[in-house]
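For reference, the structure discussed in these notes is given below.
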Amino acid sequence: MGAKIVAADSGTVLYAGWMTGYGQVVIIDHGKNISTLYAHCSVLMVKNNQKVAKGQQIAKVGSTGWSTGPHLHFEYRISGTRKNPLDYVRRP
């Protein structure tokens, strides 16, 4: 618990706060209808409308909301629809 959570890419924080089920959450708009969501955080380190850089710490791992233990729930969204993040990861 408390491990760093970093932004997957640069963008603007759409929302940083409480969401039912997700607990403490950060949602980042990366442009081109792409956003990422980071949920169950113990500590949020960004605010709404804040610009963030790729790799910047935005939160800490926690167990808030509907969670059975400390972990990061990560979502990659295109036009608001959840996608499998592994389909969009660059591999060496």
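Read-outs: derived from the displayed coordinates by stated rules, not from any lab. Not measured: the values here are computed from a predicted model. Glycine also receives a Cβ, built like all others from the backbone with ideal geometry; neighbour counts cover every protein chain displayed.
Exactly one of these conditions fails for T12: (1) surrounded by 18 or more Cβ atoms within 10 Å (Cβ to Cβ); (2) polar (S, T, N, Q); (3) in contact with an Asp or Glu (Cβ under 6 Å, 6 or more places away or on another chain). Give me its number.
(1)
Can you tell me which residue among V61, V13 is in contact with a Gly (Cβ under 7 Å, 6 or more places away or on another chain) and of a type in the set (V, I, T)?
V61
So is K54 surrounded by fewer than 20 Cβ atoms within 10 Å (Cβ to Cβ), of a type in the set (K, R) and in contact with an Asp or Glu (Cβ under 7 Å, 6 or more places away or on another chain) or not?
yes
Taking the range 20-45 only, how many residues are of a type outside the set (A, V, I, L, M), within 18 Å of M1 (Cα to Cα) and surrounded by 18 or more Cβ atoms within 10 Å (Cβ to Cβ)?
Within the range 20-45, residues that are of a type outside the set (A, V, I, L, M), within 18 Å of M1 (Cα to Cα) and surrounded by 18 or more Cβ atoms within 10 Å (Cβ to Cβ) number 6.
Which numbered condition trips up A16, out of (1) in contact with a Phe, Trp or Tyr (Cβ under 9 Å, 6 or more places away or on another chain); (2) among the hydrophobic types (A, V, I, L, M, F, W, C); (3) within 23 Å of Y88 (Cβ to Cβ)?
All conditions pass for A16, except number (1).
Do we have G55 as touching a residue at least 60 places away in the same chain (Cβ under 8 Å) and on the phi > 0 side of the Ramachandran plot here?
It is false that G55 is touching a residue at least 60 places away in the same chain (Cβ under 8 Å) and on the phi > 0 side of the Ramachandran plot.
Taking the range 58-92 on its own, how many of its residues are among the β-branched types (V, I, T), exposed (fewer than 15 other Cβ atoms within 10 Å of the Cβ) and touching a residue at least 12 places away in the same chain (Cβ under 8 Å)?
Our first condition is that a residue be among the β-branched types (V, I, T); within the range 58-92, this holds for 58, 61, 64, 68, 78, 81, 89.
Those left that are additionally exposed (fewer than 15 other Cβ atoms within 10 Å of the Cβ): 68, 78, 81, 89.
Add one more test, that the residue is touching a residue at least 12 places away in the same chain (Cβ under 8 Å), and what stays is 78.
Number satisfying all stated conditions: 1.
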